[in-house]
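The values are calculated or read from the model by the stated rules, or taken from the named source; none is laboratory data. Since we're looking at a predicted model, the values are computed, not measured. As a convention, Cβ positions derive from the backbone with ideal geometry for all residues, glycine included, and neighbour counts pool all protein chains shown. Protein only, heavy atoms only, side chains kept; ligands, DNA and RNA dropped before computing areas. Shrake-Rupley method; radii C 1.70, N 1.55, O 1.52, S 1.80 Å.
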Amino acid sequence: MRAAPLVDGAISGAVGSAVLNLVSYLDMTTRARPASTTPETTAGRLADVAHVDLGPAEEAANRRAGLGPVLGYVTGIAAGAVFGAFAARRPVPLPLAVVLLGGGVMATSDGAMTVLGVTDPRTWRRIDWVSDLVPHLAYGLTAAATWRRLRPSSSRG
């Protein structure tokens with residue numbers, strides 16, 4: 001496999017990740033809700049599992065705060081690259097691409113947080129699900145649209 005579809009997929013995932021964050025920040029602004037602590041908690045749990053010392057308490061808190069968003073971007077970019085490898089071999093209709101990308105990133109993120117004991121989706125309220133679903137759909141739509149723009153000949157399905 002050539003690297004170009006992976007790179008184009010990674011670019012698509014990065015653009016989607018930026019939009020996911022934008023939609024999340026607009027939700028925070030609109031509803032005056034606080035930022036979620038799950039990304040930094042997840043980063044801390046991953047560091048614990050990997051036996052990585054993040055330093056003294058204040059430094060560790062700052063590192064977790066930085067690592068949380070980085071993990072989100074890594075997940076989004078990696079998902080885009082995986083999608084690029086998949087979609088380079090077969091045309092993927094836009095609705096399916098949105099579901100694969102957005103649903104894949106949501107399942108990966110929420111699944112990891114569940115396994116690490118950061119959250120339990122079974123306890124979420126409807127608004128919690130909507131607050132999670134809408135940004136991930138925005139990610140999927142934006143990443144899929146970017147993929148189609150970068151690779152129009154491999155996008156028609």
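Couple of notes before you dig in:
- Compared with the dominant Cα axis of the chain, that is its longest principal axis, helix 104-115 is turned about 20°.
- Label point distance in nm, E58-D27, each placed 7 Å from Cα along Cα→Cβ: 3.3 nm
- Label corresponding to Cα Rg over 2.2 N^0.38 Å when calculated from the structure given, among [x] 1.03; [y] 1.10; [z] 0.93: [y]
- Share of carbon and sulfur in the accessible heavy-atom surface of the chain [1.4 Å probe, %]: 65 percent
- Global geometry of segment 10-66, whether rounded, prolate or oblate, following the gyration tensor of its Cα atoms and the 1.5 cut on a/c: oblate
- Here the spin labels are modelled as points 7 Å beyond Cα on the Cα-Cβ line, and at A78 and R122 they lie 2.6 nm apart.
- If R0 is taken as 22 Å, the Cβ-Cβ distance between L96 and R149 corresponds to a FRET efficiency of 0.80.
- Taking Cβ atoms as reference points and 15 Å as the exclusive limit, the residues near G104 contribute a net charge of -2, counting Lys and Arg as +1 and Asp and Glu as -1.
- Among R64, R122, R33: highest mean-square fluctuation, GNM of the chain, C-alpha pairs under 10 Å: R122
- Segment 75-99 versus segment 1-33: alpha-carbon centroid distance in Å: 14 Å
- Degrees between helix 38-49 axis and first principal axis of the chain (Cα, 0 to 90, nearest 10): 80 degrees
- Helix 57-87 and the long axis of the chain differ in direction by around 20°, with both axes built from C-alpha atoms.
- Residue (of A60, A79, I127) at the positive-pole extreme of the chain, dipole from beta-carbon charges: A79
- Taking 0.36 nm per residue of sequence separation and removing the Cα-Cα distance, the A50/T38 pair yields an extension gain of 2.5 nm.
- If you sort the three axes of the alpha carbon gyration tensor as a ≥ b ≥ c, you get a/c of 1.5 or more for segment 69-157 and a/b above b/c, which makes it prolate.
- What segment 41-157 shows is 57 Å² of accessible area per residue, with the surface traced by a 1.4 Å probe over protein heavy atoms.
- Charged side chains reduced to their Cβ positions (Lys and Arg at +1, Asp and Glu at -1) give segment 48-157 a dipole of some 880 debye around its Cα centre.
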